[in-house]
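To keep things clear, I will list the structure first and then write my remarks on it.
The values are calculated or read from the model by the stated rules, or taken from the named source; none is laboratory data. Only a predicted model underlies this, so the values are computations on that prediction, with no experimental measurement involved. No Cβ is skipped: glycine too gets one built from the backbone with ideal geometry, and neighbour counts run over all protein chains shown.
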């Protein structure tokens, strides 16, 4: 029964297509700038970790060659951390119970083969944590999740076409 439903779901009308990466075959190279942190609050580990993980993901999940010159790259990708803000997300008994860390990265994407594809766009992710934790404690707990989620968000915004 599950197999029949799954087969019907994915083959029913052919409209739904899932693509992980959509890159024109003539695109061969990319340059990924170091991700600067220009947020009001700066987590000193975030920029290097985000840069490293993003470069790794592009290297592992695309056929693009990363080169050392932005001027020569087919894709020029520049990201800047513009927001790193904490707000109250949940209240219990008139006290903050949950806080939310909101991290925003602005993406500037240049496609030198097709300038119509150029864009600038922010991507944001929310990370909730207990209000009983300090920001330093929350960052320590959430660090890997923050980096992974932002890398996925950035990658999908640039390379996915769905």
Residue match in the range 142-150 (condition: buried (at least 16 other Cβ atoms within 10 Å of the Cβ), part of a loop (DSSP other than H, G, I, E, B) and either touching a residue at least 40 places away in the same chain (Cβ under 8 Å) or on the phi < 0 side of the Ramachandran plot (or both)): no
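Confirm whether residue 64 is buried (at least 17 other Cβ atoms within 10 Å of the Cβ), modelled with pLDDT of 90 or more and closer than 22 Å to residue 125 by Cβ. Break it down into steps so the answer makes sense when it comes.
Values: buried (at least 17 other Cβ atoms within 10 Å of the Cβ): yes; modelled with pLDDT of 90 or more: yes; closer than 22 Å to residue 125 by Cβ: no.
Answer is no for this residue.
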Those residues of the range 58-76 which are under 19 Å from residue 117 (Cβ atoms) and without any contact (Cβ under 8 Å) to a residue 12 or more places away in the chain amount to 71
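Restricting the search to the range 127-141, which residues are closer than 19 Å to residue 53 by Cβ and either out of contact with any helix residue (DSSP H, G or I) (no Cβ under 7 Å at 6 or more places or on another chain) or touching a residue at least 60 places away in the same chain (Cβ under 8 Å) (or both)? Let's see the steps before the verdict.
Residues of the range 127-141 closer than 19 Å to residue 53 by Cβ: 127, 139-141.
Once the filter is applied, which keeps residues that are closer than 19 Å to residue 53 by Cβ and either out of contact with any helix residue (DSSP H, G or I) (no Cβ under 7 Å at 6 or more places or on another chain) or touching a residue at least 60 places away in the same chain (Cβ under 8 Å) (or both), the range 127-141 yields 139, 140, 141.
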Residues that are touching a strand residue (DSSP E or B) at 6+ places or on another chain (Cβ under 6 Å), surrounded by fewer than 17 Cβ atoms within 10 Å (Cβ to Cβ) and either under 19 Å from residue 101 (Cα atoms) or without any contact (Cβ under 8 Å) to a residue 40 or more places away in the chain (or both), drawn from the range 26-56: 36, 38, 41
Check on residue 158, under 17 Å from the mean Cα position of the chain (by Cα) and in a helix (DSSP H, G or I): yes
When you scan the range 109-131, how many residues do you find that are in contact with a strand residue (DSSP E or B) (Cβ under 9 Å, 6 or more places away or on another chain) and farther than 23 Å from residue 82 by Cα? 4
Would it be correct to say that residue 89 is on the phi < 0 side of the Ramachandran plot, modelled with pLDDT under 95, outside any helix (DSSP H, G or I) and surrounded by 15 or more Cβ atoms within 10 Å (Cβ to Cβ)? yes
Scan the range 30-39 and give yes if some residue there is part of a helix (DSSP H, G or I) and modelled with pLDDT of 95 or more, otherwise no. no
Residue in the range 110-141 that is nearest to the chain's Cα centre (by Cα), counting only those that are under 19 Å from residue 75 (Cβ atoms) and crowded, with 16+ Cβ neighbours inside 10 Å: 123
